Amino acid sequence: MNSPATPAATILVVDDDALINMNAVDMLEQLGHTALEAYSGKEALAILSSGQQVDLLITDYAMPGMNGVELATQARQLRPNLAILLATGYSELPSGMQLDLPLLSKPYQQVDLANHLALLLNEQAPAVS
């Protein structure tokens, strides 16, 4: 099955579960992207602060220390135009979570990931509401 045409990108994958990170990195590399790994929000912010090229951030929601929404908020302070995808196994996030992020339900298949990436990486301007 072909995925939508998506420009090659550098994607930072953040999950405290090494197996999930490894699986996501494998999928991304098979899709032609460069993948970076972080195992915590703090580690991800260090990469984003380093000047390393990152076109998109994929973060797990439930992580110790800093959840994915908190990471997304801090990441956008560093890089306001960074595309962010929140991956979660929760069917619903806790109430009170302000969320303007696209969600990728876990577990996901490569085609699901490719479709989300195509939408996020091909966006040229923010949607007008």
Seminar exercise, completed: Of 10-22, 76-88, ordering from highest average Cβ density within 10 Å down gives 10-22, 76-88
Exercise. Taking amide H positions as placed 1.01 Å from N in the peptide plane, with prolines and chain starts having none, which residues 5 or more places from ALA83, or on another chain, fall under 5 Å of its amide H?
Worked result: LEU57
Exercise. Which net charge results for the neighbourhood of MET66, defined as the other residues with beta-carbon distances under 12 angstrom from its beta-carbon, given Lys and Arg at +1 and Asp and Glu at -1?
Worked result: -3
For this session: Within 10 Å, count the other beta carbons around each residue, average over each peptide in 38-45, 57-64, and list them highest first.
Result: 57-64, 38-45
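Here, each number is a calculation from the coordinates, and none is a lab measurement. Computed from a prediction, not measured in an experiment: that's the story for all the values here. Glycine also receives a Cβ, built like all others from the backbone with ideal geometry; neighbour counts cover every protein chain displayed.
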